[in-house]
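In what follows, a structure is listed as structure tokens, so that the remarks can point back to it.
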Amino acid sequence: MAPKKDTTPSKKKDKYRIRNWRQYNQSLVNRGSITFWFDEAAIARWYSVERLNKPGRPETYSDDAIRCGLLIKAVFRTALRALQGFIGSIIKILGLDLVCPHYSVFSRRAKGLQIPLKRLLKSGEKLNVVFDSTGLKVFGEGEWKVRKYGYLKRRTWRKVHVGMCVDSGQVVVSAMTSNNVNDDEAMVHMMGALEDVPLGDVLGDGAYDTVDCREAVYDLGGRQVIPLRTKTRKSRNGDGYLH
């Protein structure tokens, strides 16, 4: 007896036609558009002033100028000589009265360059943290295979949960989970890493409007800034729920 054929329809991506060709073409062109500008503060700090009164050979360019060049080098993955030509051309196009550092200056100064980092908390300051999550990566069949043969296996992905300091922008706690872990479960787990930190405001969207999340914030002395979910907003107002 011949085996039965699998008649299960494959889940193929919906086809669509591009009709707004002018806007579509312009969007592709805009992907290659680059805009640079120097604000007045950056121009004023381009040359070194503080080091002129220090012993030894004075440095012509400030740390801000060197950091600016090395940042461009990291983004565009250029060599040091190409970096000098790139920055020099930008200065010329913008008509600025600045001189690009020599590529050897970037090489020499990069070794001992100080990178300023914002302090997480000052003495007696409370931590204001906001929680959120996002998808990290898709694991499974490739796009070409899916387009040609359809889905045969279930694609899975991972979630990244992040707690970020509102004032400094630094990530203070994070966790990576499978896609079946809810945001509120991950938040309760991550709150355990903040037990020794004085908490201020704890912010999040409606996904964190659960009893466990609010109790975790309350136990650590934080103030909840979590909106009620739309479906339960009317039923929870005035019932003694933790706000």
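FYI, it's all coordinate maths here, none of it is from the lab. Predicted, not measured: the structure shown is a model, and the values here were computed from it. Cβ coordinates were reconstructed from backbone atoms using ideal geometry, including for glycine residues, and neighbour counts include every protein chain displayed.
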Practice prompt. Could you please report the charge total around Asp184, scoring K, R as +1 and D, E as -1 over all other residues with beta-carbon less than 10 angstrom from its beta-carbon?
Written response: -3
Discussion item. Using the basic label-point model (7 angstrom from Cα toward the beta carbon), what is the Val99 to Arg31 distance in nanometres?
Written reply: 4.1
Discussion item. Please compute the modelled spin-label separation between Ala110 and Arg19, points set 7 Å along Cα→Cβ, answer in nm with one decimal.
Written reply: 5.1
Worksheet item: What are the residues whose amide H is under 5 Å from the amide H of Tyr47, where those residues sit 5 or more places off or on another chain and H is modelled from the backbone?
Response: Ser62
Practice prompt. Rounded to whole Hz and in sequence order, give me ³J(HN,Hα) for segment 73-81 from the Karplus expression 6.51 cos²θ - 1.76 cosθ + 1.60, θ = phi - 60°, writing x for Gly and Pro.
Written response: 4, 5, 6, 9, 6, 9, 7, 5, 5
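Based on the Cβ-Cβ distance from Asp196 to Leu228, what FRET efficiency comes out when R0 is 25 Å, to the nearest 0.05?
On the way: r = 30 Å, r/R0 = 1.20.
Step by step, r from the Cβ atoms, then E = 0.25.
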Worksheet item: Rounded to the nearest 20 Debye, what is the dipole magnitude of segment 30-111 about its Cα centre when Lys and Arg each give +1 and Asp and Glu each give -1 at the C-beta?
Response: 480
